[in-house]
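To start, the structure under review is shown below, and the notes come after it.
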Amino acid sequence: MFNWQQKGWPRATCNRAALRDELAAFKVAFMELKKALKKPQDMEVVARALTDEAVKTSAIEGVNVDESVVMSSICKALGVEYAPKGFTKDARAEGVAQMMLAVREKWNAPLTAKLLTGFHGALMAGEEKRVAVGAFRTHKEPIRVIRRHADGTAEIRYEAPPSENVPKEIAAFVRMWKAPATTPADVALKCAMIHPHFESIHPFEDGNGRVGRALVAKTLAEGLDMPLVLPVSTVIARHRAAYYEEINEASRSLDWTNWAAFFIPVLTEMMTSFVAAMRFVKAKRDYLAKYESGFSERARKVVHRMFEDGEEGARGVLSAAKWMRMAKVSKPTAIGDLQTLEKLGAIVRVGDGIRLEYGLSDFTVEPINEPLNGELDERLLKLAKTHPGAQLPYMKSVVGKSLATVKRAIAALVKSGLIEHRGSKKTGGYYVKEVR
């Protein structure tokens, strides 16, 4: 049975006590973000957040949109100067951009059925598919989520309520969630509960995931008390497989504690990343204000190209060979350019290898913002060193975090190449990865 077929629907439950660690971490990130937002919003950061959310929320559904079209549309609406590269006609990109702008405009509007159809109408306005745009589904055919296996068989992962039930389901949804959440814990829990509730109703023929994640962004904006659409989907995309697995589990139960244990840390990670992005933009502007007046046109293009890749790009290493590729100049010219920038103070020597390398001043010492789970990562890495073959339940008991939180941290360490899993899923464990 699916959740909407079970007794008690739509009153799903969530064990707040079991989420103590997740809610505590969320509160720290939430309050840090709120403090950072007391200063006037940087419209470049706002535009980038809206663009990231638009692009990633589409990608999660397997819809690829032209980022330059999204950025151009959003920047025009916000009055931010931007010259898009490779502009193409992309109706889907324009649609998701307009939905993000609608969410920002309606961030504190009461939750109503009309608001939901308005978001959907903005999203799907340019769609060529034959779907009802800005209207709930009415067709008699069941809405199903199907997984197709390599052997050709298909599995029904979820079946939504019949279309005839949608108006009643949406009315109950609006009644349950129309009151804004304000305290950090309430904001976290509302975000965690409103999303699977909406996805379980699946009120539209298409675009449900994108509208559902927009509702999470709106809930966060209400909690922060400002028109800011945070890039929720940017982090969800990094945990896409787990996201689909966990939300599928929630579709078969009215106990959404495990789902919340996965989703609340995702929101925490997103807020921490957003604060880091805000600090990066300020650091970038401070750097350019200090040094750009002394740049040659060639140097200006190279440095701006590094900044295009965000903080990771700004912390990249420059060498004569790299400068030759980026500036398309000879080696003597590249060496001369780098020496000029070094005298200016715009770059500094890094490392002590044979090859002379440089980094942008102010971006070569420490990260602008340490990851929220840095301490947890260190403890888990130490466990893998001192207890080779350690399994998840043991790690969870040692670090005192929820299993979902430990799983996510371990996945990040594996992705980073620091640890690896050896053996079968049942009997294997985690080891520090050998450097060869």
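Do we have any residue at all in region 94-101 that's in contact with a helix residue (DSSP H, G or I) (Cβ under 8 Å, 6 or more places away or on another chain), among the charged types (D, E, K, R) and under 20 Å from LEU215 (Cβ atoms)? Looking for residues that are in contact with a helix residue (DSSP H, G or I) (Cβ under 8 Å, 6 or more places away or on another chain), among the charged types (D, E, K, R) and under 20 Å from LEU215 (Cβ atoms), one finds none in region 94-101, hence no. Per the conditions (1) in contact with a helix residue (DSSP H, G or I) (Cβ under 7 Å, 6 or more places away or on another chain); (2) touching a residue at least 40 places away in the same chain (Cβ under 8 Å), the sole criterion not satisfied by VAL69 is (2). Picking from residues in region 330-352 that are among the polar types (S, T, N, Q) and without any contact (Cβ under 8 Å) to a residue 12 or more places away in the chain, the one that is surrounded by the fewest Cβ atoms within 10 Å (Cβ to Cβ) is SER330. Only residues that are surrounded by fewer than 18 Cβ atoms within 10 Å (Cβ to Cβ) and within 23 Å of LYS218 (Cα to Cα) were counted in region 127-157, giving 2. The listed residues are GLU164, GLU141, GLU155, and the only one of them that is in a loop (DSSP other than H, G, I, E, B) and in the same structural domain as LEU220 (by TED's automatic domain parsing) turns out to be GLU141. Only a single criterion out of (1) surrounded by fewer than 22 Cβ atoms within 10 Å (Cβ to Cβ); (2) over 18 Å from the mean Cα position of the chain (by Cα) is not satisfied by ASN208, namely (2).
Candidates are the residues of region 370-390 that are surrounded by 17 or more Cβ atoms within 10 Å (Cβ to Cβ) and part of a loop (DSSP other than H, G, I, E, B); the one that is modelled with the lowest pLDDT is LEU372.
Note on region 1-33: among residues that are of a type in the set (Phe, Trp, Tyr) and assigned to a helix (DSSP H, G or I), the one that is farthest from the chain's Cα centre (by Cα) is TRP4.
Restricting attention to region 346-369 and to residues that are under 10 Å from SER319 (Cα atoms) and in a loop (DSSP other than H, G, I, E, B), the residue that is modelled with the lowest pLDDT turns out to be ARG355. Evaluated against (1) in contact (Cβ under 8 Å) with a residue 24 or more places away in the chain; (2) under 17 Å from GLY209 (Cβ atoms); (3) in a loop (DSSP other than H, G, I, E, B), VAL133 falls short on exactly one condition, (1).
The values are calculated or read from the model by the stated rules, or taken from the named source; none is laboratory data. Just so it is clear, the model here is predicted, and its values are computed rather than measured. Quick reminder, even Gly has a Cβ in these numbers, built from the backbone with ideal geometry, and neighbours come from all protein chains shown.
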